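My questions all concern the structure below.
The values are calculated or read from the model by the stated rules, or taken from the named source; none is laboratory data. The model shown is predicted, which means the values in this text are computed figures rather than measured ones. We place every Cβ from the backbone using ideal geometry, glycine too, and count neighbours over all the protein chains shown. Side chains included, ligands, DNA and RNA excluded: accessible areas come from the protein's heavy atoms. Shrake-Rupley method; radii C 1.70, N 1.55, O 1.52, S 1.80 Å.
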Amino acid sequence: MNEFINIFKNLREHLMNGVSYMIPVVVAGGVLMAVALIMYGQAGVPEKGLAADIWKIGVTGIGLMVPVLSAYIAASIADRAGIAPGLISGLVASNIGAGFLGGLVSGIIAGVVCYYLKKIPLHPYVRSLGPIIIIPILGTLITSGILLWGIGTYVAIAMSAANQFLTSMTDANKIILGLIVGTMIAFDMGGPINKVAYSLMVATVGSGIFSYAGPCAVAIMIPPMAMAIASFIMPKKYSEEERDAGKSAFFMSLVGITEGAIPFAANDPIRVIPSLMIGTSIGCAAAYIFNVQTHVAWGGFIALPVTENIGGFIISVLIGSIIGAILVNFLKKSYVNKKTDTDDTDVDILFED
C-alpha cells in the first residue's frame with residue numbers, strides 16, 4: 001500500500017517525464033507540417049509531390065504524440081517494463097477518441113499494472129521471460145482492456161466536453177483564459193507550470209481546436225523576446241553576459257524556446273519573473289482578441305506558416321514583449337562593472353538607481 005501511495009506522491013514527476021519525451025515528437029511533427037505548407041505555397045493540405053510526403057511524415061509524428069506520452073509515463077513508474085503496454089494502450093486511447101487525457105490515464109494505469117506485475121514471483125525457468133514476454137503481454141491486455149471495456153468511453157466523453165467548452169467560450173472568458181495561460185507560460189519558463197499550459201495546447205491541437213494554440217504560441221515567444229528587447233534598449237542595466245544572453249534569447253524566441261529568458265530570471269527573479277508574467281499574459285489575451293489560431297503545438301515565428309491572422313500574431317507578440325521589457329527595465333537596478341580593491345578580477349556590482 002505504501003508503494004502505491006508513493007507512486008501517486010510522485011505523480012507529477014511521472015507526468016512530466018511523459019511530457020518531456022513527447023515534446024520532441026510534437027516539435028518534429030509540427031515543424032515538418034509547417035515546412036510542407038511553406039513548400040506547397042497555397043492554402044490547404046498538400047496533396048502531391050514532396051510537400052505532400054513531408055506533410056504525411058509530420059502528421060505521422062503528431063499521431064505518435066499520445067502513445068509516446070503514455071509510454072514514458074508508464075516507464076517512469078515501472079521502468080522499461082511499462083514502455084510496450086504504455087505505448088500500445090496509448091494508441092488505443094487515441095483510437096477511441098480519448099486523446100491527450102486518455103494518454104495520461106493509460107500511462108498511469110500501464111505503469112501501475114506493470115509495477116505490480118514485476119513483483120509477482122516467477123519460477124527460475126521462466127523468470128527471464130518476464131520482462132520481454134509475460135509483463136508486456138499481460139500489461140498491454142490489462143491496461144487496454146480497462147480502457148476498451150471500462151473507463152475509456154468516459155475519458156473520451158470528458159475530453160469531448162473539454163473541447164466543447166473551449167470552442168464555446170465567450171470573448172470575455174477567452175481573455176480571462178489568455179491572462180491565465182500567459183501567466184502560466186511565463187511563471188517558470190519551461191518548468192512544470194509552463195508544461196501544464198503547453199500540454200493543453202498539445203491536447204487541443206490533437207483534437208482539431210486551434211483557438212487555444214494560437215495565443216499559447218504567442219505566449220511562448222514573449223519572455224525571451226521581452227528580455228532581448230529590454231537588454232537592447234537599456235544595455236547599462238545588464239552585465240556583458242546578460243547582453244550576450246539577450247542576443248541568444250532573440251533567436252530562441254523566434255523558434256519558440258521560452259527557456260531563453262531563464263538566465264535573466266535566474267539573476268534577478270523578483271523583478272524579471274513578475275514583469276514577464278504581466279507582459280506575457282497581456283500578449284496572450286491580445287491574441288485571443290485578434291482570434292489568432294495556430295495549427296501546430298509550437299510557438300515562435302516558425303509557426304507562422306500554419307497560423308491564421310499572422311498580423312494579429314505579430315502584434316500580440318510585440319504588445320506583450322514591449323510591456324514586459326518596459327516593466328523589467330523600470331524595476332531593474334543598474335549594473336556597473338568595476339574592479340575590486342583586493343584583486344584585478346572584474347566583477348559585476350549591482351547599484352541602486
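Would you point out which residue out of Ala162, Ala172 is in a helix (DSSP H, G or I), open to solvent by 30 Å² or more (accessible area, probe 1.4 Å) and either at pLDDT 85 or above or more than 27 Å from Glu13 (Cα to Cα) (or both)?
Ala172
Next up: Cβ-Cβ distance below 9 Å, separation of 6 or more or different chains: which pairs start in the stretch 61-79 with a residue that is touching a residue at least 40 places away in the same chain (Cβ under 8 Å) and under 10 Å from Gly18 (Cα atoms) and end on one that is outside any helix (DSSP H, G or I) and open to solvent by 20 Å² or more (accessible area, probe 1.4 Å)?
From the stretch 61-79, the pairs are Ser76/Asn10.
Now for a separate question. Show the residue pairs meeting these rules: Cβ distance below 7 Å; 6+ apart or different chains; first residue within the stretch 297-316 and among the aromatic types (Phe, Trp, Tyr); second residue outside any helix (DSSP H, G or I).
Trp298/Gly256; Phe313/Val292; Phe313/Thr307
Here's something else I'd like to know. Just name the residue that is nearest to Glu3 (Cα to Cα) out of those in the stretch 84-135 that are polar (S, T, N, Q) and open to solvent by 60 Å² or more (accessible area, probe 1.4 Å).
Taking the candidates together, the pick is Ser128.
Can you tell me which residue in the stretch 40-51 is modelled with the highest pLDDT, limited to those that are surrounded by fewer than 16 Cβ atoms within 10 Å (Cβ to Cβ) and out of contact with any Phe, Trp or Tyr (no Cβ under 7 Å at 6 or more places or on another chain)?
Leu50
When you scan the stretch 192-287 for helices (runs of 4 or more DSSP H) that lie fully inside it, which ones turn up with 1 or more residues that are aromatic (Phe, Trp, Tyr) and closer than 28 Å to Leu104 by Cβ?
192-206
May I pose another question? Just for the stretch 182-230: of the residues that are open to solvent by less than 10 Å² (accessible area, probe 1.4 Å) and more than 16 Å from Gly256 (Cβ to Cβ), which one is farthest from the chain's Cα centre (by Cα)?
Per the stated criteria, the residue is Ala230.
Find the helices (runs of 4 or more DSSP H) located wholly in the stretch 28-128 whose residues include 2 or more that are among the aliphatic types (A, V, I, L, M) and closer than 18 Å to Leu148 by Cβ, and list them.
The qualifying helices (runs of 4 or more DSSP H) are 65-78, 83-95, 99-117.
What is the residue count in the stretch 273-292 for residues that are over 11 Å from Ile222 (Cα atoms) and touching a residue at least 60 places away in the same chain (Cβ under 8 Å)?
Summing the residues that are over 11 Å from Ile222 (Cα atoms) and touching a residue at least 60 places away in the same chain (Cβ under 8 Å) in the stretch 273-292 gives 8.
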